[in-house]
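Colleague: Take this structure, written in structure tokens, and hold onto it; I'll ask about it next.
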Amino acid sequence: MDMKKLAEILIPDKDLLPPEEYENIYPERVRDGKAEVTRLAPSPTGFIHLGNLYSALADERAAHTTGGTFYLRIEDTDEKRKVDGAVESVIRSLKYFGINFDEGAEIDSPLNNYGPYYQRQRAKIYRSFAKRLIEQGLAYPCFCTEDELNAVREEQTAEKLITGYYGKYAKCRNLSSEQIEADVKAGKPFVIRLKSQGSTENKILFRDAIKGEVTVTENDQDVVILKSDGIPTYHFAHAIDDHFMRTTLVIRGEEWLSSLPVHIELHKVLGFKPPRYAHTCSLMKMDGGTKRKLSKRKDPELSLDYYRKAGYFPKAVVKYLMTILNSDFEEWTLKNPDADYRDFKFRIEKMGKSGALFDLDKLNDLSRTEISKLSERECFEFLKSWVDEFGTEKDKAHFKDKDYIIKVLALVMGVGGKKRRKDIERAEQGVRLIDYFFDDTFAPVYNYRFDGQTVNSVIENFAKVYDPADDNSVWFAKVKSIAPLVGFAAEMSDYKARPEDYKGNVSDVAEILRIAITGMPNSPDLCTIMGILGKDRSVERLNAAKI
Ligand code: GLU
């Protein structure tokens with residue numbers, strides 16, 4: 001059979017470059033020997049999840065701790081699953097977590113020398129290589145229909161054999177060139193398959209950058225390399241792309257480990273040296289005492305949008321993922337509490353070999369710690385960026401007054417002071433916490449522990465003497481002065497000695513005033529709150545709080 005003629009019939013495209021040309025178009029990158037070239041290669045399905053972030057962080061760290069390059073390639077060969085805006089969403093989500101690409105799809109970079117970065121735009125490259133493989137007798141057309149393939153699978157399953165297209169089941173392997181020509185002329189749809197040279201009798205020793213030495217069985221399956229629409233499968237496309245984009249390290253989920261023998265064979269027949277592979281383990285969670293994979297259906301925390309909407313502090317999520325990526329990261333942060341996580345020496349070899357446990361409680365804990373370390377300006381920026389995207393119209397209006405918010409935050413969160421609030425893990429909690437400083441979101445619950453006459457008398461008497469110019473001690477002296485007027489003890493020692501002589505004590509006076517001003521029995525320093533609200537609003541609140 002004249003293979004050249006056969007290849008021409010199957011792939012008649014006139015504008016294909018010879019495969020060798022691509023070696024010149026995409027030359028080896030100029031890089032330091034240790035510098036890794038990594039990539040994130042998502043399918044644009046619109047669902048970007050924690051697993052993507054986990055993998056992207058490993059890619060980004062592997063590249064940037066070695067002075068290498070991290071790029072974005074879009075694996076859009078499956079037209080049906082494509083979602084508009086998915087690429088922007090990947091970039092935006094990763095950027096939110098501080099992970100930036102150096103090169104790639106939709107990245108404005110002078111380094112974009114290895115594109116196009118969308119697989120659909122690289123069809124000619126794949127077709128040129130598929131054509132060459134046909135010429136070499138290493139690939140062939142297959143006209144089997146879905147029904148025929150199903151029938152073969154059923155037969156194999158019944159006989160407890162490995163399913164697939166191989167050996168005697170590879171019916172189209174030995175079609176004559178006349179038959180092929182006739183079928184193509186008749187317009188029968190076909191795929192192009194690899195003509196595997198392997199045998200399951202042989203084992204291959206392979207070195208995974210994470211899992212170490214793994215022995216796999218050689219591939220003997222005639223896998224599809226070009227689908228009937230002429231578009232490549234993942235196997236074929238990734239081998240060509242990682243070669244010509246000069247990837248040095250492929251970090252991907254362990255679900256691809258079973259396809260590794262196919263990938264090893266593809267690199268071999270294509271004449272490429274394979275990149276190093278690193279198969280990451282899946283993110284797991286504890287569920288009722290058992291470990292299971294995080295699931296899109298059951299676990300909202302798998303979606304990255306979950307963290308953005310809830311307002312997690314992005315760096316806390318990243319630092320938490322770092323603790324899963326490299327187990328010595330946690331110890332390092334304890335020794336270097338104020339250091340940037342980027343200063344840590346990330347190493348792919350230190351990644352866990354089996355199921356990484358994702359623990360939301362631990363993440364919450366880290367988020368609380370990170371938020372408690374923010375400066376006034378950082379805290380404002382963090383809450384504002386959440387408000388801009390997810391806040392109510394009222395929140396947005398409140399955050400226009402930066403000076404006021406910063407004063408409020410300094411008090412409520414203890415920002416900048418010694419007594420930092422450590423119970424805020426998400427922006428939304430922080431934003432709700434300051435609602436009572438704004439008249440349109442002030443929703444008081446006047447839950448006093450004393451009768452109306454006592455409450456009103458405390459409020460009226462305090463309103464008479466209140467002066468915003470008073471410092472804390474004068475302010476408190478005034479609160480004390482109200483106590484005897486309503487039958488309360490001004491001194492705690494008096495109250496403790498003879499509680500039966502009093503209706504209450506000075507701290508009960510303060511509580512009544514606190515409920516009146518904030519609508520809650522607990523709050524930060526009331527004198528400071530009244531100072532922030534100002535005289536008019538404070539007096540207005542006192543008057544409105546009488547019962
Ligand atoms: N497009 C593949 C996926 O989304 C990428 C796998 C890889 O990184 O090679 O699963």
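The values are calculated or read from the model by the stated rules, or taken from the named source; none is laboratory data. This structure is a prediction, so every number in the text was calculated from the model and none was measured. In this analysis, Cβ positions are derived from the backbone assuming ideal geometry, glycine residues included, and neighbour counts consider all displayed protein chains. Side chains are part of the model used for accessible areas, which takes the heavy atoms of the whole protein and leaves out ligands, DNA and RNA. Shrake-Rupley method; radii C 1.70, N 1.55, O 1.52, S 1.80 Å.
Colleague: Averaged per residue, what accessible surface does segment 477-517 expose to a 1.4 Å probe, in Å²? Intermediate results must be reported in sequence, preceding the final value.
Modeller: Details: 1840 Å² over 41 residues.
For segment 477-517, the per-residue accessible area is 45 Å².
Colleague: If I ignore ligands, DNA and RNA and count only protein heavy atoms, how much of Val184 is accessible to a 1.4 Å probe, in Å² to the nearest 10?
Modeller: About 40 Å², ignoring ligands and nucleic acids.
Colleague: Moving to a separate point now. Considering only protein heavy atoms, what is the solvent-accessible area of Thr65 at a probe of 1.4 Å, reported in Å² to the nearest 10?
Modeller: Roll a 1.4 Å probe over it and Thr65 shows about 60 Å².
Colleague: Kindly express, to the nearest 10 degrees and within the range 0 to 90, the angle between helix 234-244's C-alpha long axis and the longest C-alpha principal axis of the chain.
Modeller: Orientation of helix 234-244: about 90 degrees from the principal axis.
Colleague: Right, something else. Which order do Ser367, Ser199, Ser473 take when ranked by solvent-accessible area (1.4 Å probe, heavy atoms of all protein chains), largest first? If you can, show how the numbers build up before the last one.
Modeller: Numbers: Ser367 0, Ser199 35, Ser473 80 Å².
The ranking, largest first, comes out as Ser473, Ser199, Ser367.
Colleague: Work out the FRET efficiency for Asn472 and Asp439 from their Cβ-Cβ distance, taking R0 = 30 Å, and round it to the nearest 0.05. Show your work: numbers first, answer last.
Modeller: Details: r = 25 Å, r/R0 = 0.83.
Between Asn472 and Asp439 the formula returns 0.75.
Colleague: Starting from the alpha-carbon convex hull of segment 1-141, give the projected area averaged over all orientations, in nm². Walk me through the numbers on the way to the answer.
Modeller: Numbers: hull surface 41.9 nm².
In nm², the orientation-averaged hull projection of segment 1-141 is 10.5.
Colleague: Okay, moving on. How long is segment 458-532 along each principal axis, judged by its Cα atoms, biggest number first, in Å?
Modeller: That works out to 37, 22, 20 Å along the principal axes.
Colleague: Using a 1.4 angstrom probe and counting only protein chains, how large is the accessible area of Cys144 in Å², to 10?
Modeller: 30
Colleague: Follow-up. Can you sort Thr369, Thr69 by solvent-accessible area, 1.4 Å probe, largest first? Intermediate results must be reported in sequence, preceding the final value.
Modeller: Details: Thr369 60, Thr69 25 Å².
Ranked list, largest accessible area first: Thr369, Thr69.
Colleague: I've got another one for you. Semi-axes of the equivalent ellipsoid for segment 295-398, please: Cα gyration tensor eigenvalues, times 5, square-rooted, ordered largest first, whole Å.
Modeller: Values: eigenvalues 154, 75, 18 Å².
Three semi-axes, in Å: 28, 19, 10.
Colleague: What shape does segment 404-493 take by its C-alpha gyration tensor, where a ≥ b ≥ c are the square roots of the eigenvalues and a/c under 1.5 counts as rounded, a/b above b/c as prolate, and the rest as oblate? List each step's numbers first, then the result.
Modeller: Numbers: a/c = 2.19, a/b = 1.72, b/c = 1.28.
Taking the square roots of the gyration eigenvalues as a ≥ b ≥ c, segment 404-493 is prolate.
Colleague: Taking only the alpha-carbon atoms of segment 150-268, what semi-axes of the equivalent ellipsoid follow from 5 times the gyration tensor eigenvalues under a square root, in whole Å, largest first? Don't jump to the answer; show the numbers that get you there.
Modeller: Numbers: eigenvalues 161, 80, 30 Å².
Output for segment 150-268: semi-axes of 28, 20, 12 Å.
Colleague: Relative contact order for the chain using alpha-carbon pairs under 8 Å, separation at least 6, rounded to a whole percent? Mind dumping the intermediate values first?
Modeller: Working: 790 pairs, mean separation 61.7, N = 547.
The normalised contact order for the chain reaches 11 percent.
Colleague: Right, next: For a quick size check, give me the Cα extents of segment 129-191 along its three principal axes, largest first, whole Å.
Modeller: 35, 25, 18
Colleague: Then there is this: Dividing the Cα radius of gyration by the Kirkwood radius, what Rg/Rh value follows for segment 292-334?
Modeller: Values: Rg = 12.4 Å, Rh = 11.7 Å.
Reported Rg/Rh (Cα atoms, Kirkwood Rh): 1.06.
Colleague: Let me ask something else about it. Run the helix sum for the chain: -39,500 (n - 2.57) per DSSP H stretch of 4+ residues, divided by residue count, reported at 222 nm to the nearest 500 deg cm²/dmol.
Modeller: Numbers: 23 runs with 236 residues, N = 547.
Roughly -13000 deg cm²/dmol at 222 nm, from the helical runs in the chain.
Colleague: Continuing with the same structure: How large a share of the accessible area of segment 161-206, in percent, is made up of carbon and sulfur atoms when the probe is 1.4 Å and the other protein chains stay in place? Each step should come with its number before you reach the end.
Modeller: Values: 1500 of 2810 Å².
For segment 161-206, the apolar C and S fraction of the accessible surface comes to 53 percent.
Colleague: Going by Cβ distance under 4.7 Å, what cysteines of the chain have no possible disulfide partner?
Modeller: Among the cysteines of the chain, those whose Cβ sits 4.7 Å or more from every other are Cys144, Cys281, Cys379, Cys527.
Colleague: Please work out, to two decimal places, the log10 of the ratio I(q)/I(0) at q = 0.21, 0.23, 0.27 Å⁻¹ from a Debye calculation in which every Cα of segment 373-422 carries one identical scatterer.
Modeller: Debye intensities relative to I(0), on a log10 scale: -0.69, -0.81, -1.01.
Colleague: Per residue, how many Å² of accessible area does segment 314-464 show with a 1.4 Å probe? The partial results should precede the final answer.
Modeller: Numbers: 7730 Å² over 151 residues.
Heavy-atom accessible area per residue stands at 51 Å².
Colleague: Rounded to the nearest whole Å², what accessible area per residue is found for segment 153-211 with the 1.4 Å probe?
Modeller: Value for segment 153-211: 65 Å² per residue.
Colleague: Follow-up. Just to confirm my numbers, what's the Cα centroid distance between segment 74-126 and segment 471-531 in Å?
Modeller: Cα centroid of segment 74-126 versus Cα centroid of segment 471-531: 63 Å apart.
Colleague: While we're on this one: Report Rg/Rh for segment 504-544, rounded to two decimals, where Rg is the Cα radius of gyration and Rh the Kirkwood radius. Kindly include the intermediate steps, with their values, before the conclusion.
Modeller: Working: Rg = 9.8 Å, Rh = 10.3 Å.
A ratio of 0.95.
Colleague: Output the Cα-based Rg and Dmax of the chain in Å, rounding Rg to one decimal and Dmax to a whole number.
Modeller: 33.6, 114
Colleague: With θ set to phi - 60° and the Karplus curve 6.51 cos²θ - 1.76 cosθ + 1.60, what are the ³J(HN,Hα) couplings of segment 266-282 in order, to the nearest whole Hz, using x for Gly and Pro?
Modeller: The phi angles translate into 4, 4, 5, 5, 7, x, 9, 8, x, x, 6, 10, 9, 9, 7, 7, 6 Hz.
Colleague: Moving on to the next point. At 1.4 Å probe size, with the rest of the protein present, what percent of the exposed accessible area of segment 317-454 is carbon and sulfur atoms?
Modeller: Numbers: 3490 of 7250 Å².
In segment 317-454, the share of accessible area belonging to carbon and sulfur is 48 percent.
Colleague: Could you pull out the pairs from Lys315/Lys422; Lys211/Lys293; Lys203/Lys319; Lys296/Lys394; Lys168/Lys293; Lys4/Lys188 whose alpha carbons sit more than 28 Å apart here?
Modeller: Result: Lys203/Lys319; Lys296/Lys394; Lys168/Lys293 exceed 28 Å.
Colleague: By accessible area of protein heavy atoms, probe 1.4 Å, what ranking do His243, His64 get, highest first?
Modeller: On the way: His243 30, His64 65 Å².
These residues rank, largest area first, as His64, His243.
Colleague: Further question on the same structure: Hey, how many Å between the Cα centroid of segment 338-383 and the Cα centroid of segment 185-241?
Modeller: Using only Cα atoms, the two centres lie 39 Å from each other.
Colleague: Per residue, how big is the convex hull around the C-alpha atoms of segment 225-341? Give it to me in cubic angstrom, could you? If you can, show how the numbers build up before the last one.
Modeller: Details: hull volume 22.5 nm³, N = 117.
Dividing the Cα hull volume of segment 225-341 by its residues yields 193 Å³.
Colleague: Carbon-plus-sulfur fraction of the accessible area of segment 477-547, 1.4 Å probe, in percent? Could you put the intermediate results ahead of the total?
Modeller: On the way: 1700 of 3180 Å².
Here carbon and sulfur together make up 53 percent of the probe-accessible area.
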